[in-house]
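Asker: I have a structure here, written as structure tokens, and I will follow up with some questions on it.
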Amino acid sequence: MALLDRQENFEERALAVVGELRSVFAGMIEAKCGSGPAVTAIASAFGIHRKLAWQISRVAYDEDPFVAARHMPTARSIGALVRAAGKHGVESSLLDQLSRATEDFESLVRTHAGDRTGFDLLLGACSSGADDEEAVRWRQQSFTGNSFIWGAQCRAMHAVSLQFPSVRRPGFFDMAMVRGLIGLRLNRPQTHWLVAQSAVLMDDSSPRTTSREALDPEGAKSCGGVPILKAHCRGELPGFERKVNPTGLLDDRLIPGGVGLTGERTIYTGEVIRALAPAHATPEDRVGHFGAGVRTPTQALVMDYFTHRDLFPGVKRELCVFSDVNSPVAFSEADRLQLNAELTELGYGLGRTQCREISGYARLLRDVFEAIGHDPRDFLVHRVRIHYPPMPASVMVRFELPDPPEGG
């Protein structure tokens, strides 16, 4: 219980300690420079280098105190600041306050984290608004480690979902799913790699039986039933296999092939699920989750979500990223990850779908819309872009399904 109590009190204690530091730094800066000084002015006023001036300015004035704390200078730099500030006329009472506040800060770090690296992790978990650069830096480190641990990586993961009214079953909708691993590289031989994974589940996570059709039937026939889009693949394609895994998810796997840069490849799959679900809420299914699972270490995820104008009128969509550590398909708020990522509306049609990570995207979309027999101008597009997305995780567009039409 003692450990639990200490963790529960960390946020409160950190706010008090960091609050005192912010007050002291702000008092020192304003006493010498007035309000709103530039970093250069702070450096000149205290006789310190620009980096240290920038750090104390961030600690003093960043809106999020937990982000501010990550910029706290080292004890050695604080010592240099105290000596320089004393020579430049800063009152001794302020310097004494700074020394005490610094000691409290170092004690906070030792007690709750042991070192500054662990402390920064705790601060990141408490921050209300993420310091995106810092968050991306942590995820980039994770990408490098995961590329070694799992033996694979790619430059970009590309997910495209298109939803449109079902012609076979009125009141239902079909969904085309395109999944791409761009610049996929295996880092060790004999690595079977998951190129796509999917499932259709009810709100209670029970599976729903579906009818799937490959967008490229010939490509699927030649690749063991995996719906490969051959015209959009690049590099060696040694072979594929499709099977249902023990959890009920449908896995599409790459059979081991070349490794490293010489074995780099781009793999796209694409299929349509017919009459996937009612286009409105039912007693068994009231919330829609549509997205993609991140199972490959990747530098970027680009997910585009196309919705036909006749579907889901008036819904309010939100982006959710769920950890899949506890479950292969997680929808619980307890599993939700806090990422500074947004769901961006791009309007109708393809006018804003160009993407720097995806070469040949216009041709891919043309082929997909031709295969499903729809005009892209009838589709509203939303995009998610995440640099170094966490894994394993599911990136979902979530919304409450609309009520059924009257008399329906």
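The values are calculated or read from the model by the stated rules, or taken from the named source; none is laboratory data. Just so you know, these numbers come straight off a predicted model, no measurement behind them. Cβ sites come from the backbone with ideal geometry, for glycine too, and all protein chains shown count toward neighbours. Calculation scope for accessible area: heavy atoms of the full protein, side chains included, ligands and nucleic acids excluded. Shrake-Rupley method; radii C 1.70, N 1.55, O 1.52, S 1.80 Å.
Asker: If you add up the charges near Glu30, with Lys and Arg at +1 and Asp and Glu at -1, over every other residue whose beta carbon is less than 13 angstrom from its beta carbon, what do you get?
Answerer: Summing Lys/Arg as +1 and Asp/Glu as -1 gives +1.
Asker: Now for a separate question. Mind ranking Glu271, Glu12 by accessible surface for me, highest first, 1.4 Å probe?
Answerer: Glu12, Glu271
Asker: OK, next. Do the sum for the chain: with -39,500 (n - 2.57) for every DSSP H run of n ≥ 4, divided by all residues, what is the mean residue ellipticity at 222 nm, to the nearest 500 deg cm²/dmol?
Answerer: -11000 deg cm²/dmol
Asker: Also, quick follow-up: So how far, in whole Å, is the C-alpha centre of segment 364-406 from the one of segment 145-163?
Answerer: 18
Asker: Using the Kirkwood formula on the Cα atoms of segment 170-294, what hydrodynamic radius do you get, in angstrom to one decimal?
Answerer: About 15.7 Å for segment 170-294.
Asker: What's the ranking of 363-371, 55-63, 341-349 by average number of surrounding C-beta atoms within 10 Å, highest first? Please list the in-between numbers first.
Answerer: Details: 363-371: 16.6, 55-63: 19.2, 341-349: 14.7.
Descending mean neighbour count gives 55-63, 363-371, 341-349.
Asker: Rounded to the nearest whole Å³, what is the per residue volume of the convex hull around the Cα atoms of segment 250-408?
Answerer: So the per-residue hull volume is 158 Å³.
Asker: What angle do you read, to the nearest 10 degrees and between 0 and 90, between the alpha-carbon axis of helix 2-33 and the longest principal axis of the chain?
Answerer: So the inclination is approximately 60 degrees.
Asker: Scattering from the C-alpha atoms of segment 1-157 alone, worked out with Debye: what is log10 I(q)/I(0) at q = 0.15 1/Å?
Answerer: Each listed q maps to, in turn, -0.83.
Asker: Can you check what the net charge comes to around Val395, using other residues whose Cβ is under 14 Å from the Cβ of Val395 (Lys, Arg +1; Asp, Glu -1)? Walk me through the intermediate numbers first.
Answerer: On the way: positive: Arg139, Arg179, Arg295, Arg317, Arg336, Arg383, Arg385, Arg398; negative: Asp304, Glu318, Asp324, Asp335, Glu342.
Overall, the nearby charge balance is +3.
Asker: Taking only protein heavy atoms and a 1.4 Å probe, what accessible area per residue, in Å², does segment 1-101 have with all protein chains in place?
Answerer: Heavy-atom SASA per residue in segment 1-101 reads 53 Å².
Asker: Here's a follow-up. Which order do the peptides 382-389, 168-175 come out in when sorted by mean C-beta neighbours inside 10 angstrom, highest first?
Answerer: Taking the mean over residues of other Cβ atoms within 10 Å, the ranking is 382-389, 168-175.
Asker: Another question, then. Would you check the chain for Lys pairs whose C-alpha atoms are within less than 24 Å, ignoring same-chain pairs closer than 8 in sequence, and give me the count?
Answerer: Value for the chain: 6.
Asker: For the Cα atoms of the chain, what angle does the longest principal axis make with the long axis of helix 361-372, in degrees from 0 to 90, nearest 10?
Answerer: The helix 361-372 is inclined about 40 degrees to the chain.
Asker: Now, a different point. Can you tell me the orientation of helix 132-150 relative to the chain, as the angle in degrees between its alpha-carbon axis and the longest Cα principal axis, to the nearest 10?
Answerer: Orientation of helix 132-150: about 60 degrees from the principal axis.
Asker: As an exercise, find the ratio Rg/Rh for the chain from alpha-carbon atoms, using the Kirkwood inverse-distance average for Rh.
Answerer: Ratio of gyration radius to Kirkwood radius: 1.08.
Asker: On to the next question. What is the ratio of the Cα radius of gyration of segment 90-185 to 2.2 N^0.38 Å, with N the residue count, to two decimals? Spell out each step's value before the answer.
Answerer: Numbers: Rg = 24.5 Å, N = 96, 2.2 N^0.38 = 12.5 Å.
My calculation over the Cα atoms of segment 90-185 gives 1.97.
Asker: OK, next. What is the ratio of the Cα radius of gyration of segment 124-178 to 2.2 N^0.38 Å, where N is its residue count, to two decimals?
Answerer: Rounded to two decimals, the normalised Rg is 1.90.
Asker: All other residues with a Cβ under 14 Å from the Cβ of Glu236 taken together, and with Lys, Arg as +1 and Asp, Glu as -1, what is their net charge?
Answerer: Overall, the nearby charge balance is +3.
Asker: Hey, any idea what % of the chain's accessible area is carbon plus sulfur with a 1.4 Å probe?
Answerer: 50
Asker: Percent of Cα-Cα pairs more than 18 Å apart in segment 342-408, please.
Answerer: 56
Asker: Can I ask one more? Please quote Rg/Rh for segment 248-332 to two decimal places, taking the Kirkwood radius as Rh and restricting both calculations to Cα atoms.
Answerer: Looking at segment 248-332, the ratio lands at 1.01.
Asker: Further question on the same structure: What FRET efficiency comes out for His289 versus Glu103 if R0 is 56 angstrom and r is the Cβ-Cβ distance? Round to the nearest 0.05.
Answerer: So, using R0 = 56 Å, E works out to roughly 0.70.
Asker: Based on the Cα gyration tensor of segment 205-278, what are the three equivalent ellipsoid semi-axes, each the root of five times an eigenvalue, rounded to whole Å and given largest first?
Answerer: Result for segment 205-278: semi-axes of 26, 15, 10 Å.
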